[in-house]
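Quick notes on the structure that follows.
The values are calculated or read from the model by the stated rules, or taken from the named source; none is laboratory data. This one's a predicted model, so the numbers in the text were calculated from it and none came from an experiment. All Cβ positions, glycine included, derive from the backbone under ideal geometry; neighbour counts span all protein chains shown.
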Amino acid sequence: MDLFPDLYKLAWRKNKTVSEELVNLNWTRGLWKMRTVEEMASFIRVWDLVQIVQLTAEPDQITWRWTTNGLYTAKSVYNIQFVGSYSDFNGTSIWKAGSEGKHKFFAWLLVQCKLLTADKLMARNWPCNPICVLCNQTQETAMHLILHCPFARQVWEKVEDWTRGPVHPPLRHREILKSSSGGKKS
């Protein structure tokens, strides 16, 4: 109902439970009235989502995802409003690194999210090729170039081999954190 209201309008059995409707694909009844390409595309997305649903006999429960024990607290609400508003990263460590100035500058631009990659250039209406020139697979962003591009992954693996362990390739779900000025919390 919330994710696909256009399909919900077509469904004729609106007061059934999820478990009742998953039996024999009952949830698809009434959707034969689809008339637009958008409705059909929504149906395919719903179908994909329904395929991964695993129901259990356990009763439903509500948990608060912002605490380790799943319980709501006023303190957790207060703390969650600041997530992403500051960074623990100490940007001064970049300037103290034993590397060339151009590498330090590149790293500084990277953590400040100021690298002029295709996504940033397009936001400024500058003409450019939006696709990564290294892999020709996806949009060029700083995160893609540094972490996710197959070429970058190979570089990370070579550095790991070269250092014999202390440097590991970043995990695939990692993101680049933006540091605040001077690395201090704001």
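Here are a few things to note about the model shown:
- Test set (1) β-branched (V, I, T); (2) farther than 30 Å from Q139 by Cβ; (3) part of a helix (DSSP H, G or I) - T63 fails condition number: (3)
- L121, sole failed condition from (1) over 22 Å from R153 (Cα atoms); (2) touching a helix residue (DSSP H, G or I) at 6+ places or on another chain (Cβ under 8 Å); (3) modelled with pLDDT of 90 or more; (4) not polar (S, T, N, Q): (2)
- From V83, V53, residue being closer than 30 Å to L25 by Cα and either assigned to a loop (DSSP other than H, G, I, E, B) or in contact (Cβ under 8 Å) with a residue 40 or more places away in the chain (or both): V53
- Residue tally, condition touching a strand residue (DSSP E or B) at 6+ places or on another chain (Cβ under 8 Å) and under 16 Å from F106 (Cβ atoms), over the range 125-151: 1
- Failed item in (1) free of Cβ contacts under 8 Å to residues at least 24 places away in the same chain; (2) in a loop (DSSP other than H, G, I, E, B), with C113 passing the rest: (1)
- Taken over the range 12-39, residues that are within 22 Å of Q54 (Cβ to Cβ), of a type in the set (A, V, I, L, M) and surrounded by 14 or more Cβ atoms within 10 Å (Cβ to Cβ) amount to 1.
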